[in-house]
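Let me begin by presenting the structure, written as structure tokens, before commenting on it.
The values are calculated or read from the model by the stated rules, or taken from the named source; none is laboratory data. Computed from a predicted structure; not experimentally measured. Heads up, the Cβs are rebuilt from the backbone with ideal geometry, glycines too, and the neighbour counts pull from every protein chain shown.
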């Protein structure tokens, strides 16, 4: 069973296994239709397409972030439609970094399904290995996915605001870690959200630091070293991951699992939800 990462050759060996489901999560925020078009042009054999905004997020609503977490029942129906049940090994991939694949990885775990891994290096690693792509569409027979949201894995904006008000971030009892780049965290070069900056007391750990130049995750020991620096003596169970809209934060959560530091939680609404409440404080600077 693969529960964090899988390499291209290990996936290739199981492509014809009906107990394996491959999900293509390619997406671009500035070109939302690109991922589906890229999947249609060529994808890993038998891979089905998951759209970040249609399948892996709920519709935006007043006060929500840009990519709200789906309702668990609707998400379970989506997984069942893709032919996933408790016995199926799921492999998610995207164009390379793993930021969108990690969102699916976390959502499946949120509903109690741990047989899910991200293709290390994504489609780019698959292509570099000389492995085939296809334009053929495979439809898996639907299955009954029985899942429930696991308590304690997600944090709401009101819970985070309460923790901030109690001084937990200042004392390090709650460690809020923002996965955005250092410039956006500092309130510079903000292009996606109407307010720039970060939650007061948050720490910055850009998700890009989880990987090497080849786009693959760093080894567990190096990830652990880097994350222990960010944690600064705190437990991973005290960590709340956030980003702009709850997507790249999942990349950090995956890296923590690879590092052997489990138990961190996700603030699904993230920055785009936080700034929707004018009463929430905002900090700037590095």
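Inside the stretch 219-245, residues that are touching a strand residue (DSSP E or B) at 6+ places or on another chain (Cβ under 7 Å) and within 18 Å of residue 161 (Cα to Cα) make up a count of 6. Taken together, the residues in the stretch 111-131 that are in contact with a strand residue (DSSP E or B) (Cβ under 6 Å, 6 or more places away or on another chain) and outside any helix (DSSP H, G or I) amount to 6.
Inside the stretch 1-15, residues that are in contact with a strand residue (DSSP E or B) (Cβ under 7 Å, 6 or more places away or on another chain), closer than 18 Å to residue 214 by Cβ and exposed (fewer than 14 other Cβ atoms within 10 Å of the Cβ) make up a count of 0. Filtering the stretch 64-77 down to residues that are surrounded by fewer than 19 Cβ atoms within 10 Å (Cβ to Cβ) and either in contact with a helix residue (DSSP H, G or I) (Cβ under 7 Å, 6 or more places away or on another chain) or without any contact (Cβ under 8 Å) to a residue 60 or more places away in the chain (or both), which residue is nearest to residue 207 (Cα to Cα)? Filtering first and then ranking leaves 71.
Test of understanding: among 108, 169, which residue is in a helix (DSSP H, G or I), outside the structural domain of residue 53 (by TED's automatic domain parsing) and touching a strand residue (DSSP E or B) at 6+ places or on another chain (Cβ under 7 Å)? Result: 169 is the single residue among 108, 169 that is in a helix (DSSP H, G or I), outside the structural domain of residue 53 (by TED's automatic domain parsing) and touching a strand residue (DSSP E or B) at 6+ places or on another chain (Cβ under 7 Å). Residues of the stretch 132-148 being at pLDDT 95 or above and either surrounded by 17 or more Cβ atoms within 10 Å (Cβ to Cβ) or outside any loop (DSSP other than H, G, I, E, B) (or both), which ones? 134, 143, 145, listed by residue number. Taking the listed residues 86, 129, 124, 161, the one that is touching a helix residue (DSSP H, G or I) at 6+ places or on another chain (Cβ under 7 Å), surrounded by fewer than 19 Cβ atoms within 10 Å (Cβ to Cβ), touching a residue at least 40 places away in the same chain (Cβ under 8 Å) and on the phi < 0 side of the Ramachandran plot is 129, with no other qualifying. Within this structure, residue 164 passes the test of being farther than 30 Å from residue 95 by Cα and either modelled with pLDDT of 95 or more or not assigned by TED's automatic domain parsing to the domain that holds residue 262 (or both).
Criterion applied to 117, 36 was being at pLDDT 95 or above, surrounded by fewer than 20 Cβ atoms within 10 Å (Cβ to Cβ) and at negative phi, and the one residue passing it is 36.
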